[in-house]
Amino acid sequence: MNIPEGSEVVYVGCTAPARDVLETLLDRGVPIVEIVTINPETARRNDVSGYASFAEVGDRYDIPVYYPETYSMTDADCEHVRGVDPDLLIVNGWQRLIPEEALEAATHGAIGNHGSAFGLPKGRGRSPLNWSLIEDRDRFLLSVIGLDPEADAGGVLATRKFDITDYDTIETLYYKVTICMKEMLAEVLGPLLRGESVGESQTGEATYYPKRNPADGEIHWGEGTREVYNLVRAVADPYPGAFTFADGDRVMIWDARPFSTDLASEARAGTIVEVFWTGDFVVATADGTLLVTDYEPVEGEWEPAVDERLESRGDHDRVDGPEHRHNLTSSTDDTEAAESGIDA
């Protein structure tokens with residue numbers, strides 16, 4: 001990477017993929033002098049999906065770990081970063097905007113990552129990986145970008161494309177992101193720390209994905225098999241999960257797959273048409289059937305039964321409903337709804 005001697009880097013992150021990237025950077029000799037992360041209680045209060053503790057990494061590599069007062073960082077937290085006086089901030093797996101005061105504390109600024117199926121500036125904002133699965137996209141363009149006060153708007157330093165296959169889940173997409181991040185950071189860190197690279201400005205009209213909430217994971221069986229499958233894999237672990245209702249109890253659907261368009265073709269959508277000896281069961285959708293292979297009743301001890309009806313109780317105008325798909329909001333000033341980084 002040819003990093004200048006005496007360089008000092010601060011790494012900001014709090015998720016398992018971000019921790020994996022951090023360990024790779026440390027093994028490659030990147031001069032990280034401090035880790036900024038959050039503790040488990042802050043992660044719980046802020047519903048951070050995929051949270052991982054960085055404490056053990058700090059101990060193993062003898063690097064100080066700083067825990068901000070709040071996830072969004074206070075003035076005192078920004079003052080702390082100024083006191084460290086790093087050459088560069090690497091922000092990865094941090095689901096909040098970094099305050100401008102902290103960004104300006106580093107000599108060469110801060111870098112983060114974002115992407116979409118279209119490439120920036122399309123698809124800024126919330127949960128682009130989840131949305132790409134929900135929208136049945138077949139590719140993703142991930143970029144390392146400079147960070148500035150406007151969400152996901154900084155110059156593009158490097159980009160990698162990867163396929164989204166029919167077999168991907170949100171977890172496997174993070175595997176692909178992790179590989180790309182290791183490659184791109186190895187490419188850009190040397191030039192950045194030598195002051196040779198500022199990135200290429202994003203061009204074109206920016207669009208933003210809207211915020212997702214756990215309630216948006218409700219399954220609507222009146223949709224097609226593909227739509228239900230895409231939702232299940234988009235919000236699977238480490239996200240809050242897709243869910244439905246049976247006998248008044250919420251049932252989490254953690255894994256499922258398209259089954260058949262021919263079998264049980266007359267069954268009403270949402271009906272369980274077969275339960276197998278393994279516990280897997282088949283549910284009718286609007287245009288076929290879905291095989292559920294991993295489920296969890298939230299309350300009670302529900303077991304699927306043939307001809308039982310699964311219910312959808314949420315608002316049909318939910319954010320991932322058909323009327324919202326393929327229709328990103330267009331904006332140049334939607335920072336409240338946007339985040340730095342791919343995690344939502």
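The values are calculated or read from the model by the stated rules, or taken from the named source; none is laboratory data. Remember, predicted model here, so these are calculated numbers, not experimental data. Here the Cβ is made from the backbone with ideal geometry for all residues, glycine too, and neighbour counts use every protein chain on show. For the accessible areas, the whole protein counts, side chains as well, though only heavy atoms, and no ligand, DNA or RNA atoms are used. Shrake-Rupley method; radii C 1.70, N 1.55, O 1.52, S 1.80 Å.
Observations
- Residue within the range 181-190 that is in a helix (DSSP H, G or I), farther than 30 Å from ASP87 by Cα and not hydrophobic (A, V, I, L, M, F, W, C) present: no
- Filter result for the condition that a residue is in contact (Cβ under 8 Å) with a residue 60 or more places away in the chain, open to solvent by 10 Å² or more (accessible area, probe 1.4 Å) and not polar (S, T, N, Q), over PRO17, PRO86: PRO17
- Within the range 277-287, not a single residue is crowded, with 17+ Cβ neighbours inside 10 Å, aliphatic (A, V, I, L, M) and touching a helix residue (DSSP H, G or I) at 6+ places or on another chain (Cβ under 7 Å).
- Restricted to the range 264-276, and to residues there that are within 16 Å of ALA246 (Cα to Cα) and of a type in the set (A, V, I, L, M, F, W, C), the residue that is surrounded by the fewest Cβ atoms within 10 Å (Cβ to Cβ) is VAL275.
- Residue match in the range 163-178 (condition: buried (at least 16 other Cβ atoms within 10 Å of the Cβ), at pLDDT below 95 and within 20 Å of ALA16 (Cβ to Cβ)): no
- Out of LEU97, LEU147, LEU157, LEU129, sole residue that is out of contact with any helix residue (DSSP H, G or I) (no Cβ under 6 Å at 6 or more places or on another chain) and closer than 27 Å to MET73 by Cα: LEU97
- Those residues of the range 128-145 which are open to solvent by 20 Å² or more (accessible area, probe 1.4 Å) and either farther than 30 Å from ALA242 by Cβ or among the hydrophobic types (A, V, I, L, M, F, W, C) (or both), in sequence order: LEU141
- Of all residues in the range 190-220, those being open to solvent by 50 Å² or more (accessible area, probe 1.4 Å), among the small types (Gly, Ala, Ser) and within 17 Å of SER49 (Cα to Cα) number 1.
- Residue match in the range 28-37 (condition: over 26 Å from GLU5 (Cα atoms) and either touching a Cys at 6+ places or on another chain (Cβ under 8 Å) or free of Cβ contacts under 8 Å to residues at least 40 places away in the same chain (or both)): no
- Some residue of the range 57-80 being free of Cβ contacts under 8 Å to residues at least 60 places away in the same chain and within 30 Å of VAL228 (Cα to Cα): no
So that you can scan it fast, the table gives a plain yes or no per residue for (1) acidic (Asp, Glu); (2) within 19 Å of THR107 (Cβ to Cβ); (3) surrounded by fewer than 17 Cβ atoms within 10 Å (Cβ to Cβ):
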{"site": "ASP62", "(1), (2), (3)": "yes, no, yes"}
{"site": "THR70", "(1), (2), (3)": "no, no, yes"}
{"site": "ASP75", "(1), (2), (3)": "yes, no, yes"}
{"site": "GLU79", "(1), (2), (3)": "yes, yes, yes"}
